[in-house]
1. Which residue is surrounded by the fewest Cβ atoms within 10 Å (Cβ to Cβ), if the candidates are limited to region 68-92 and must be touching a helix residue (DSSP H, G or I) at 6+ places or on another chain (Cβ under 9 Å) and not in a helix (DSSP H, G or I)?
2. Quick check on this structure: which one of 32, 41 is more than 23 Å from residue 123 (Cβ to Cβ) and loosely packed, with under 14 Cβ neighbours inside 10 Å?
3. Quickly run through region 17-60 and pick out the residues that are within 21 Å of residue 150 (Cβ to Cβ), in contact (Cβ under 8 Å) with a residue 60 or more places away in the chain and within 14 Å of the chain's Cα centre (by Cα).
4. Could you list, in sequence order, the residues of region 93-114 that are assigned to a helix (DSSP H, G or I) and more than 16 Å from residue 69 (Cβ to Cβ)?
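Readers should treat all values here as calculations from the given coordinates under stated rules, not as data from a laboratory. Everything numeric here is computed off the predicted structure, so don't read it as measured data. For neighbour counting, all protein chains shown are included, and Cβ atoms are generated from backbone atoms with ideal geometry for every residue, glycine included.
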């Protein structure tokens, strides 16, 4: 099944259990990484661009985005678990989880760029791949693509300024 799952597919007990697992894993791993890589004195000391959001914005935005990412991954998994789309979803997720350690633990702004630029490319590729097969999954990724595009600009600005 390469196209979007039907409403009946989505409401089956097994599908709902799979959704719960996607939500728990994506949000849980994201929260764990976020708690271990919270901005510290190093980040506070960086020169910031004028469009840098306040630190408190990041946690609620990422929580909402992780929920959307999980739902898109769940829908893709139900439709085509061994597909290009699922591979793209997995790669973007691994890059997503790698960015905070690269940026905050390594304290390396350019290493952050090495992770976030391909992450953005894979997110866009996922949207393009899903657009005609599962528009809902593609649309769920649009806020994520916008946020990561902004985060890429922010990461690049921080790297240039510092």
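1. The selected residue is 83.
2. Going through 32, 41 in turn, just one is more than 23 Å from residue 123 (Cβ to Cβ) and loosely packed, with under 14 Cβ neighbours inside 10 Å: 41.
3. 26, 30, 33, 34
4. Across region 93-114, the qualifying residues are 101, 102, 103, 104, 105, 109, 110, 111, 112, 113, 114.
Results for (1) closer than 30 Å to residue 41 by Cβ; (2) in contact (Cβ under 8 Å) with a residue 12 or more places away in the chain; (3) crowded, with 17+ Cβ neighbours inside 10 Å; (4) in contact with a strand residue (DSSP E or B) (Cβ under 8 Å, 6 or more places away or on another chain), shown as yes or no for each residue.
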site	(1), (2), (3), (4)
96	yes, yes, yes, no
109	yes, yes, yes, no
113	yes, yes, yes, no
120	yes, yes, yes, no
132	no, no, no, no
157	yes, yes, yes, no
160	yes, no, no, no
